[in-house]
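Colleague: Okay, here's the structure, questions in a sec.
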Amino acid sequence: MARRPSTPEVVLTHAAIVGITMVTLYPVLWVLEMAFSPSQSFSMDLSPIPSEVTLDNFRDVIGTFDDEGRWLFGRQLLNSVIVSVATAVLGLSLSTTAAYALSRWSFPGREQGMAAFLVTQMFPGVVMAIPLYLLLDLFGLLDSRTGLVLVYATTSVPFSVFTLKGYFDTIPVALEEAAMLDGASRWMTFRYIVLPLARPALAVTGLFSFMTAWNEFILALTLMGSEDAYTLPVVLQGYVGDFGTEWGRFAAGAVIVSLPVMALFFALQRHFVEGLTAGGVKG
Amino acid sequence: MILWLGAAWGADITVWHAYRDAEEDALEAAGDAYQAISGDKISFVQIPFDGYTTKLETTIPRGNGPDLFVASHDNLGKWSAMGVVDPPSTPVEGHLPVTIEALTVKGRVQGWPLAYKSLLLLYDKALVKEPARTTDALLAQAKQLPDGVYGLVFEAGSPYSHGPILHAFGARALEPDGTAKLDTPEQAAAYAFSKRLAIDEGIVPAQPTYVVMETLFDEGRAAYVISGSWFVPGRARDIGATTLPVVSETGEPMAPYLGVDAIYRTPDAEPAAAGFAEFLSRGEGARIRSEQGGQAVSDASVTSDDPIVQALAAQARNAVPMPNDPNTSSAFEAIARSLLSVQRGARTPEEAAADAQEFFDVFSRPLPPAADPRPWLAFLAILVLGGLGLVAQRARDPELRARVSRHASDYLWIAPAGLSMSVLVILPFVTGAAVSLFAHRAGEWRFVGLAHFLDILLARDFPITSPLSFVFTLGVTVLWTTVNIVLHVSIGMALAMLLREPWVRLRAVWRALLIIPWAVPNYITALIWKGMFHAQFGAVNAILGFVLMRDGPLELDWFGSFSTAFCANLVTNTWLGFPFMMVVTLGALQSIPRDLEEAAEVDGAGRWFAFRHVVYPMLKPALLPAVVLGSVWTFNMFNVIFLVSGGEPNSSTEILISDAYRWAFKRGNHYGYAAAYAVLIFGVLLVYSRSANRLVGKKVI
Amino acid sequence: MASLSFRAIQKSYGSTKVLHHVDVQVGDGEYLVLVGPSGCGKSTLLRCIAGLEDISAGELWIGDRRVDQMAPRDRNVAMVFQSYALYPHMTVRENMGFALRVQRRPPAEIEAAVLQAAKMLELEHLLDRYPGQMSGGQRQRVAMGRAIVRRPDVFLFDEPLSNLDAALRHHMRVELKRLHRRLETTIVHVTHDQVEALTLADRILVLNGGYVQQFGSPRELFDTPANTFVAQFIGSPSMNLLPAVGSGGEVRIEGVEGALALDRSGPFTLGVRPTDLVVGSGPLKGRVDVIESMGAEALLHIELGPHTIVAQVPEPLRVRVDELVPLDVGVTHAFDRESGVRL
């Protein structure tokens, strides 16, 4: 039985939502304006409506080619996609089992393990770039997508572990007991019962891991050695120069980089909305 | 000679650079030309400027660098000490002497000069018929201009742009021996003149950043601009260039810094690399760069009919090579702080000059005395042994052993995550943290024990009331984190409450739109917010003016006082941060049955009461982990502080992480000192999370 | 199919003992009901059989296999959970076939087994539904079906009927009985409802506070309760317990005038089931306080001196509220005052 809202309440709520959305989007309109306007300067007008619309900036950003005439942007986009997807997959594989163990079993060291995962979030990233570089150099993983994925996936683990653990906590233990009595091993229970039920949380943490990799710049630049190997944030940062920034192209690049994230969010938001914390498994 | 050529035939040479557009094209054209005559294959890698230096300094010492790289000369002192560059083994000749001077470190030329750059006096040809030769003439012309047109736009707050004034008053940022005399009367006079020019005369707009410069010039609202050749491409109006004017007060010409782009060889370079460096720097290579790249090349034999290049050539006769000493960044940072405080009217020129000297002395102070590492190693050994002993002792506990062996297979489940975290997060952090026990200067490291921590915690460099002290910055950081989290959570929660009502139309659309701040890379949106907070042209002041029913925009200098600058940072970060909390709350709300709330309302509770006493208590456990993680992230939110307020005014809005960044990169590369900051940040957060657990009386995470 | 034997089983969490020495043999194909108030340890015992909890001491045998050290999956038992624990992301068919799928049986065999069980439980039309799309009763049957498909040695039912409404519960009780007759498998059924225990069980194990109170057939428990706890727990309404003293072939109830002609001496607790109270004649006098009419029968709450007792008498009634009625007793039980043990 849902409460019937009064008309003024409906109107006010919609007005509030529309108003907040407009305020939120106002700054973003400048990004769009710069992306679609022919000038490369930063826009400081009050009205973020471009006076002249062109797709040149997008053409410039997308239409880059390397010495051999291969489509450079395409390769870089592919790098970004491969690295980010691999990060999401690896990050999830690492964190799901850990989160499940932390959620379900009280082995000695569990508390300390949880604390250790949280503590790593407190390391300021600045001090870690060079040691990471040395480490990957040692393993011969510099300039390889594998190295980058390993670093990103690991970085994303703590957040994923917390989100997933929170979700696993809400899954009734009886389901797993039922599976165990049905003859399933721990692994099978996890694989066939717990993971499918945690799909919402997996979608969310996957997106987070994806974004860790998708927007990261400084490690991608430090660890990757050639333009072929760059990911999109590095390409984007390339439009920021010593003396000035090519704002038009930078903004166009930012739009291009944001679109897949938006699309992913839109596609996953149904899961998102139930995935981040709770999840009543109603059954 | 023939033999040597033969050996080098067909070598692969990699060149790194941060050039773009015409300069990049010219570089590649020169590479092609050289390839055709030498047979060596030249491959170029373009590196984003932001991060270029770090990348060079990280990769080259480990032998992963290129054969050659192109860069300006201002970090040369450090690079020479670090062994990043391998100086040419044959004489470098035929270049403008000033460019050779710039590339000389300890009497040795470190690379092959390519081109030089400096500030020029640029002007809108439609507004200026005859460019002024003195500052008085410029002022006189400026006052004749129509309304809304600014006489002069230059980056008044930047120490680089302050250089020409400094030099005209007979002062300089850095002495040849790497010391600085920043408290001289000449320095004070230069501050005073800068304030007069930029503020008092009213010919320069407020907060004249590069972006403002571009915008006003393109709109025909700037008669003169002090900027470099890089300003010219893409300008919407006819632009003229000439040398900087004479400062009327002293009769001396403004002498800008001369930056020299050069190509350097790395220690592990192919033997054949020097051949391309020579080719690029002189003769054919220089000609290509001049013609295609529009560069003012250092090769004295190449001439150009480009008026900008000619103006640069003229200016080069009266320019000061940018110092290449590692102390340059310290001097610039000290000058920048004083310059802004004078322009704001917070300090007199004399006080500011004294401040600058004081800051410089701290930034460039001698390294702490070397500590004997032996007691430390002994301590470490005891620690390790003690730890092992403790583990061994606990391992003897039969009950624990039984529990461990019973749960043995559980550990397999966390092993992948645990192992990768240990190797790729904890190990690098421990390594990075160990740096805090060392002091660094120009590539030289020294073990100093806890000296940095003592300096920081005992406030030895600055009194604790100074914005540069750790305690002050910690206070700001805590305030920053608290206010942010309160705003993120309350706004996020409010929106989530609105957006969960089933009768709200297009819920999915609103939700997707409201997460945009989180999806767009925050580098660009943070800068847009900075633009919106501009005192004169920013949207925020315009809107506030309208809302407060003023005649025009409100002229509030957002970055002029702590409270407003803090607010600007806060608004930006709240905008960036609320979507995350909104999404978390929306998720948490799913698990709260609506009927509970409705029951409360039926019982006569108001909606607020129902929220406060029914919904909120149930939300809390779900939100707490997000709040703890969110506050940790906000605590270390570098981008917003660095890009929006930049610490202004007077470093007061700096937070710990951005201060650490400045110590590492803007104040003379005190890497050890910065690492000590990082360790302290870690410590503070650790205490916070412990107390957060205690505060709510249970395990939050 | 197999017998089940508990040999001196103990269970403790840390220093708290929740099961004290359970030593019981259950025959092959028997229907055992574990009954007791909440917290008595009955669910723990069930979970120990399933292997979801370890036992602290003793042995557990299913047929000729000692299982207490085995993993749940190896014990060949099936359980129906109180919450049913249906896998929400699987259809009924998948839920029921999961155990066989785990054993990597051929799909055709799985399908056949699922269909057979579905037929038995009249679930055929629901096979493609998800648990979320079904009513409580349907879910309950699916949970049963999932257990049946496994053909286990022992079925374990953990309060399977407690989430159903009264009518459905009655219906399912009958179903369970029919099912047991058809399957002839050993069943261990946990409930706190003594009616369920009496109607379903071949034998009942009454637990209280982790101690076995009595183990026997419903008849035995009803007719000869081992102690006052069982006496009150089994049978509804509960047995009336009154402090009494006997001497010389007479028994007097404390605080009540009149004597009963019973041959017992010394103080003891007198137990009389409501059905064994005779209203209308007898040596005692009580005042009718409340009448609960249930159609064919009525419950009279009668004040007898300082005590209140309940009598179950056939309708139509000849008494009214506040009326003083003579009372007598039929079958009586005697328990020790101190220990509550049957005398």
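The values are calculated or read from the model by the stated rules, or taken from the named source; none is laboratory data. Predicted, not measured: the structure shown is a model, and the values here were computed from it. Backbone-built Cβ (ideal geometry, glycine too); neighbour counts: all protein chains shown.
Colleague: For the stretch B:9-33, enumerate the residues that are assigned to a loop (DSSP other than H, G, I, E, B), among the hydrophobic types (A, V, I, L, M, F, W, C) and closer than 28 Å to A:VAL234 by Cα. So that I can check it myself, show each step before the final result.
Modeller: Start the filter on the stretch B:9-33 by keeping residues that are assigned to a loop (DSSP other than H, G, I, E, B), which leaves B:9-11, B:18-20.
Still in the list and also among the hydrophobic types (A, V, I, L, M, F, W, C): B:9, B:11, B:18.
The one that is assigned to a loop (DSSP other than H, G, I, E, B), among the hydrophobic types (A, V, I, L, M, F, W, C) and closer than 28 Å to A:VAL234 by Cα: B:ALA18.
Colleague: (1) within 12 Å of another protein chain (Cβ to nearest Cβ); (2) free of Cβ contacts under 8 Å to residues at least 60 places away in the same chain; (3) of a type outside the set (S, T, N, Q): which one isn't true of C:GLU109, the others all being true?
Modeller: The number of the failed condition is (1).
Colleague: Tally time: how many residues in the stretch B:505-526 are within 30 Å of the chain's Cα centre (by Cα), of a type outside the set (A, V, I, L, M, F, W, C) and either within 7 Å of chain A (Cβ to nearest Cβ) or more than 29 Å from A:VAL235 (Cα to Cα) (or both)?
Modeller: Residues in the stretch B:505-526 being within 30 Å of the chain's Cα centre (by Cα), of a type outside the set (A, V, I, L, M, F, W, C) and either within 7 Å of chain A (Cβ to nearest Cβ) or more than 29 Å from A:VAL235 (Cα to Cα) (or both): 3 in total.
To keep it simple, each residue is scored yes or no on (1) within 13 Å of another protein chain (Cβ to nearest Cβ); (2) of a type in the set (Phe, Trp, Tyr); (3) buried (at least 18 other Cβ atoms within 10 Å of the Cβ).
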{"residue": "B:ALA336", "(1), (2), (3)": "no, no, yes"}
{"residue": "B:ALA346", "(1), (2), (3)": "no, no, no"}
{"residue": "B:GLU358", "(1), (2), (3)": "no, no, no"}
{"residue": "B:LEU377", "(1), (2), (3)": "no, no, no"}
{"residue": "B:GLY387", "(1), (2), (3)": "no, no, no"}
{"residue": "B:LEU412", "(1), (2), (3)": "yes, no, no"}
{"residue": "B:PHE429", "(1), (2), (3)": "yes, yes, yes"}
{"residue": "B:GLY432", "(1), (2), (3)": "yes, no, yes"}
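Yes/no per residue for (1) in a loop (DSSP other than H, G, I, E, B); (2) surrounded by 22 or more Cβ atoms within 10 Å (Cβ to Cβ); (3) more than 25 Å from the chain's Cα centre (by Cα); (4) more than 9 Å from every other protein chain (Cβ to nearest Cβ):
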position: C:LEU45; (1), (2), (3), (4): no, yes, no, yes
position: C:ASP54; (1), (2), (3), (4): yes, no, no, yes
position: C:GLY97; (1), (2), (3), (4): no, yes, yes, yes
position: C:ALA117; (1), (2), (3), (4): no, yes, yes, yes
position: C:HIS125; (1), (2), (3), (4): no, no, yes, yes
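Colleague: For the list (1) in a loop (DSSP other than H, G, I, E, B); (2) touching a residue at least 60 places away in the same chain (Cβ under 8 Å); (3) more than 27 Å from B:ALA336 (Cβ to Cβ), I need the number of the one condition that B:PRO146 fails.
Modeller: The single condition B:PRO146 does not satisfy is (2).
Colleague: Please pick out the residue among C:ARG151, C:ARG203, C:ARG181, C:ARG146 that is modelled with pLDDT under 90 and either buried (at least 20 other Cβ atoms within 10 Å of the Cβ) or farther than 22 Å from C:ARG129 by Cβ (or both).
Modeller: Details: C:ARG203 fails: modelled with pLDDT under 90; C:ARG181 fails: modelled with pLDDT under 90; C:ARG146 fails: modelled with pLDDT under 90.
Result of the check over C:ARG151, C:ARG203, C:ARG181, C:ARG146: C:ARG151.
Colleague: For A:THR24, work out the one condition from (1) at pLDDT 85 or above; (2) loosely packed, with under 15 Cβ neighbours inside 10 Å; (3) not aliphatic (A, V, I, L, M) it doesn't fulfil.
Modeller: Here A:THR24 clears every test but (2).
Colleague: On to the next question. Regarding B:GLU252, is this residue of a type outside the set (Gly, Ala, Ser), out of contact with any Ser or Thr (no Cβ under 8 Å at 6 or more places or on another chain) and either modelled with pLDDT of 95 or more or within 25 Å of B:ALA102 (Cα to Cα) (or both)?
Modeller: Yes; evaluated as a whole, the condition is true for this residue.
Colleague: Being surrounded by fewer than 22 Cβ atoms within 10 Å (Cβ to Cβ) and more than 27 Å from B:ASP238 (Cβ to Cβ) narrows it down to one residue among B:ALA273, B:ALA300; which is it?
Modeller: On the way: B:ALA273 fails: surrounded by fewer than 22 Cβ atoms within 10 Å (Cβ to Cβ).
Result: B:ALA300 is the single residue among B:ALA273, B:ALA300 that is surrounded by fewer than 22 Cβ atoms within 10 Å (Cβ to Cβ) and more than 27 Å from B:ASP238 (Cβ to Cβ).
Colleague: Can you name the residue in the stretch B:632-642 that is surrounded by fewer than 20 Cβ atoms within 10 Å (Cβ to Cβ) and aromatic (Phe, Trp, Tyr) and is also nearest to B:SER691 (Cα to Cα) among such residues?
Modeller: B:TRP633
Colleague: Residue under question is B:PRO185, and the condition is that it be at pLDDT below 90 and within 25 Å of B:VAL362 (Cα to Cα); does it hold?
Modeller: Working: at pLDDT below 90: no; within 25 Å of B:VAL362 (Cα to Cα): yes.
So B:PRO185 does not fit the description; no.
This table checks each residue for (1) in a loop (DSSP other than H, G, I, E, B); (2) surrounded by fewer than 18 Cβ atoms within 10 Å (Cβ to Cβ); (3) touching a strand residue (DSSP E or B) at 6+ places or on another chain (Cβ under 8 Å); (4) within 10 Å of chain A (Cβ to nearest Cβ).
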position: B:ALA568; (1), (2), (3), (4): no, no, no, no
position: B:TRP575; (1), (2), (3), (4): no, no, no, yes
position: B:THR585; (1), (2), (3), (4): no, no, no, yes
position: B:VAL615; (1), (2), (3), (4): no, no, no, no
position: B:GLY630; (1), (2), (3), (4): no, no, no, no
position: B:VAL644; (1), (2), (3), (4): no, no, no, no
position: B:SER651; (1), (2), (3), (4): yes, no, no, no
position: B:ASN669; (1), (2), (3), (4): yes, no, yes, no
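Colleague: Out of (1) assigned by TED's automatic domain parsing to the domain that holds A:VAL157; (2) farther than 30 Å from A:VAL157 by Cα, the odd one out for A:VAL23 is which?
Modeller: Status for A:VAL23: all satisfied but (1).
Colleague: Going by what's in this entry, would B:ALA381 be described as of a type in the set (A, V, I, L, M), within 14 Å of chain A (Cβ to nearest Cβ) and without any contact (Cβ under 8 Å) to a residue 40 or more places away in the chain?
Modeller: Working: of a type in the set (A, V, I, L, M): yes; within 14 Å of chain A (Cβ to nearest Cβ): no; without any contact (Cβ under 8 Å) to a residue 40 or more places away in the chain: yes.
When the stated conditions are applied, B:ALA381 does not pass them.
Colleague: Just need a number here: residues in the stretch A:20-72 that are assigned to a helix (DSSP H, G or I) and either within 9 Å of chain B (Cβ to nearest Cβ) or aromatic (Phe, Trp, Tyr) (or both). Give the derivation first.
Modeller: Step one: of the stretch A:20-72, the residues assigned to a helix (DSSP H, G or I) are A:20-36, A:56-62, A:72.
Remaining after also requiring either within 9 Å of chain B (Cβ to nearest Cβ) or aromatic (Phe, Trp, Tyr) (or both): A:20-21, A:23-28, A:30-31, A:34, A:36, A:58.
Within the stretch A:20-72, residues that are assigned to a helix (DSSP H, G or I) and either within 9 Å of chain B (Cβ to nearest Cβ) or aromatic (Phe, Trp, Tyr) (or both) number 13.
Colleague: If you go through the stretch A:142-165 one residue at a time, do you hit one that is without any contact (Cβ under 8 Å) to a residue 12 or more places away in the chain, farther than 17 Å from A:ALA86 by Cβ and surrounded by 21 or more Cβ atoms within 10 Å (Cβ to Cβ)?
Modeller: For the stretch A:142-165, residues without any contact (Cβ under 8 Å) to a residue 12 or more places away in the chain, farther than 17 Å from A:ALA86 by Cβ and surrounded by 21 or more Cβ atoms within 10 Å (Cβ to Cβ): absent.
Colleague: Restricting attention to the stretch A:120-142, which residues are outside any helix (DSSP H, G or I) and facing chain B (nearest Cβ under 8 Å)? Even if it seems obvious, please write down each step before you answer.
Modeller: Residues of the stretch A:120-142 that are outside any helix (DSSP H, G or I), as a first pass: A:121-124, A:140-142.
If the condition is that a residue be outside any helix (DSSP H, G or I) and facing chain B (nearest Cβ under 8 Å), then A:GLN121, A:MET122, A:PHE123, A:PRO124, A:LEU142 are the ones that fit.
Colleague: Taking the condition of being assigned to a helix (DSSP H, G or I), at pLDDT below 75 and facing chain B (nearest Cβ under 7 Å), how many residues in the stretch A:251-283 meet it?
Modeller: 4
Colleague: Looking at (1) within 7 Å of another protein chain (Cβ to nearest Cβ); (2) surrounded by fewer than 24 Cβ atoms within 10 Å (Cβ to Cβ); (3) among the aromatic types (Phe, Trp, Tyr), which is the only condition A:TYR100 fails?
Modeller: If we test A:TYR100 against (1) within 7 Å of another protein chain (Cβ to nearest Cβ); (2) surrounded by fewer than 24 Cβ atoms within 10 Å (Cβ to Cβ); (3) among the aromatic types (Phe, Trp, Tyr), just (2) comes out false.
Colleague: Since C:THR332 meets every condition but one in (1) farther than 19 Å from C:ASP223 by Cα; (2) surrounded by 14 or more Cβ atoms within 10 Å (Cβ to Cβ), which condition does it not meet?
Modeller: Among (1) farther than 19 Å from C:ASP223 by Cα; (2) surrounded by 14 or more Cβ atoms within 10 Å (Cβ to Cβ), C:THR332 violates only (1).
Colleague: Which helices (runs of 4 or more DSSP H) sit wholly inside the stretch B:34-135 and have at least 3 residues that are farther than 22 Å from A:LEU142 by Cβ and assigned by TED's automatic domain parsing to the domain that holds B:ARG287?
Modeller: Numbers: elements: B:52-59, B:76-82, B:97-102.
Those helices (runs of 4 or more DSSP H) span B:76-82, B:97-102.
Colleague: Here is a follow-up. What's the number of the only condition in (1) within 14 Å of chain A (Cβ to nearest Cβ); (2) surrounded by fewer than 17 Cβ atoms within 10 Å (Cβ to Cβ) that B:GLY251 fails to meet?
Modeller: (1)
Colleague: If you don't mind, there's one more thing I want to ask. Name every residue in the stretch B:455-500 that is in the same structural domain as B:LYS620 (by TED's automatic domain parsing), closer than 17 Å to B:LEU685 by Cα, surrounded by fewer than 17 Cβ atoms within 10 Å (Cβ to Cβ) and of a type outside the set (Val, Ile, Thr), in order of residue number.
Modeller: B:GLY475, B:LEU479
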